[in-house]
Amino acid sequence: MKITGIRATPVAVPLRLNTADAYLRKGPAVLIEGVLEVFTDEGITGIAEIPVVAGATIAVELVRSTERLVVGRDPADVNVILKELYSCYNLNHLHMHVANWAINSIERACWDILGQKAGLPLYQLWGGGFRREVEVFGFIEAEDLDEIRRVASERAGQGYKVIYTKVGFSAPEYDVAMVRAIREGAPDPSIKIRVDANQAWDVGEAIQIINQMEPYGIDCVDQPVIMYNLDALKTVKNATRVPIAAHESTWTMYDMLRVIKENAADIVHIDPRFDVGYYGARISAGIAEAAGIPVICHAYYELGIALMERMQLCAACPAFTMVHQIGEYEYLKDDIIKGGKIQIKNGKVALPDRPGLGVSLDYEKMALYEELYIKEVKEAGFENSTESPLYGAQFTRKYLKALYE
């Protein structure tokens, strides 16, 4: 089998979201993503999602530029192709944190091809499933306390056992108030709360805030301090009773090894789009398994393709024992895959029995949402600015915040 061509398409899918209360974004209420198709001479097409963290044009064009390097290759050489792409794009000399998300889509689409060729779902191709359904959290994207209470009650009623929100945008007192509001909306103590600071706090305030949140039933706190300072992360871990999860600190298998060697976190995150594709994510999962550290599968602005990419990974790797991320998927009005949105029942996603990734594209929806992207995003000037600058600021939020208020 040979790769004969690729196609990368930007799309924008509408969200059920009150943009006035959506502190993570601005502009149109849409989720923007790139969709990759890899074609073969046997008529099998593999698909993957391309995150658009640096803007859809940059991400999609970067993937399109790989065509000259992958056409004529056998997708069964997927690991070799991935390593060669990292070499050709200088991602080993520079850092892979951004460009790898786009480049990895080639690898992930090749695995979809191989699964379809073998007649097996990816998790079976990788050696079998440790779980046939994957538990995910309920996401709240809101700052208004009444809205937080309302959505928390809704998520609890939908069967989610962990409710998640972002923190670190406002005063520490407000972060604690947000957690209190979630608990008021979901009073069942078996439902846990997870917060993600995205590096926004310094060590002292992280310890203080986490200790104030603890009585409300915290599942864990994601990346409370800057990703580069593992001593700081470890200090917070040792000074609090709430489990601390490394997220940005474990973006790649190389970072994972450092975090575990330093004993800097209780829990780690893995995302096949952040890491060196499925290849790196599965290695990272093996490192975590060997260290006896549980894994959360991270999510980032995804449609049904990327959701299923992560579910296949969660099924195949035993260390993925936590409740996993789901991102904005609950807020999506629609999807680009046949059959519409993937169903989440009682906070769980079932693994498909179909070979490969298990989902395929609805081309009518693709055309509809490519047009929406062109009109509502690109032509409207939101190509690189649908995400709130404060969210992207991460650990620089303290001194950039005044510029955006």
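The values are calculated or read from the model by the stated rules, or taken from the named source; none is laboratory data. The structure displayed is predicted, hence computed values, not measured ones. With ideal geometry, Cβ positions are generated from the backbone for all residues, glycine too; neighbour counts draw on all protein chains shown. For the accessible areas, the whole protein counts, side chains as well, though only heavy atoms, and no ligand, DNA or RNA atoms are used. Shrake-Rupley method; radii C 1.70, N 1.55, O 1.52, S 1.80 Å.
Computed quantities for the displayed model
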item: Distant alpha-carbon pairs in the range 55-124 (separation over 18 angstrom), percent; result: 40
item: Shape parameters for the range 232-273, alpha-carbon atoms, Rg then Dmax in Å; result: 10.0, 32
item: Folded to 0 to 90 degrees: helix 78-88 orientation relative to the chain principal axis, Cα; result: 80
item: The chain: angle of helix 230-239 to the longest principal axis, Cα-based, in degrees nearest 10; result: 40
item: Cα gyration tensor shape for the range 261-405, rounded if a/c is under 1.5, else prolate or oblate; result: oblate
item: Accessible surface ranking that places the most exposed of 397, 68, 183 first, with a 1.4 angstrom probe; result: 68, 183, 397
item: Top positive-direction residue, dipole computed over the range 61-181 with Cβ charges, set 122, 176, 92; result: 122
item: 23 Å Cα-Cα reach of residue 2 towards lysines, excluding residues that sit fewer than 8 places from it in its own chain; result: 83, 117
item: Rounded Å value of the spacing that divides the Cα centres of the range 182-215 and the range 1-63; result: 32
item: Residue-averaged [θ]222 nm for the chain, counting only DSSP H segments that reach four residues, each worth -39500 (n - 2.57); result: -11000 deg cm²/dmol
item: Area accessible to solvent at residue 130, 1.4 Å probe radius, in Å²; result: 130
item: Ellipsoid equivalent to the chain - semi-axes via the Cα gyration tensor, in Å; result: 33, 23, 21
item: Sparse-neighbour loop sites [trypsin sites (Lys or Arg not before Pro); the range 109-169; at most 12 other C-beta within 10 Å; DSSP]; result: 132
item: If the convex hull is drawn through the Cα atoms of the range 214-294, its volume per residue in Å³; result: 83
item: Listed residues 95, 269 arranged by accessible area, highest first, probe 1.4 Å; result: 95, 269
item: Dipole in debye (nearest 20) - the chain, about Cα centre, beta carbon charges: Lys, Arg +1; Asp, Glu -1; result: 620
item: 12 Å tail of the calculated P(r), the range 137-187, as % of Cα pairs; result: 56
item: Lysine pairs in the range 339-381 with Cα atoms under 29 Å, if 8 or more residues apart or on separate chains; result: 7
item: Per residue accessible area in Å² of the range 240-377, where ligands, DNA and RNA are left out and the probe is 1.4 Å; result: 34
item: Protein accessible area in the range 262-405, 1.4 Å probe - carbon and sulfur %; result: 51
item: Accessible surface of the range 36-86 [probe 1.4 Å, protein heavy atoms]: carbon and sulfur percent; result: 53
item: Cα extents of the range 42-160 along the three principal axes, largest first (Å); result: 55, 35, 26
item: Portion, in percent, of the accessible area of the range 104-166 that falls on carbon or sulfur, probe 1.4 Å; result: 45
item: Cα→Cβ-extended label distance, 7 Å offset, between residue 144 and residue 65, nm; result: 4.4
item: The chain: angle of helix 172-185 to the longest principal axis, Cα-based, in degrees nearest 10; result: 80
item: Mean accessible surface per residue for the range 60-109, computed with a 1.4 Å probe while every protein chain stays in place, in Å²; result: 44
item: Candidate lysines for bridging to residue 401, where Cα separation is under 18 Å - those fewer than 8 sequence places away on the same chain excluded; result: 26, 166
item: Solvent-accessible surface (1.4 angstrom probe) belonging to residue 266, in square angstrom, nearest 10; result: 60
item: Accessible area (Å², 1.4 Å probe, nearest 10) - residue 203; result: 50
item: Which of 52, 80 is most accessible, then next, and so on - probe 1.4 Å; result: 80, 52
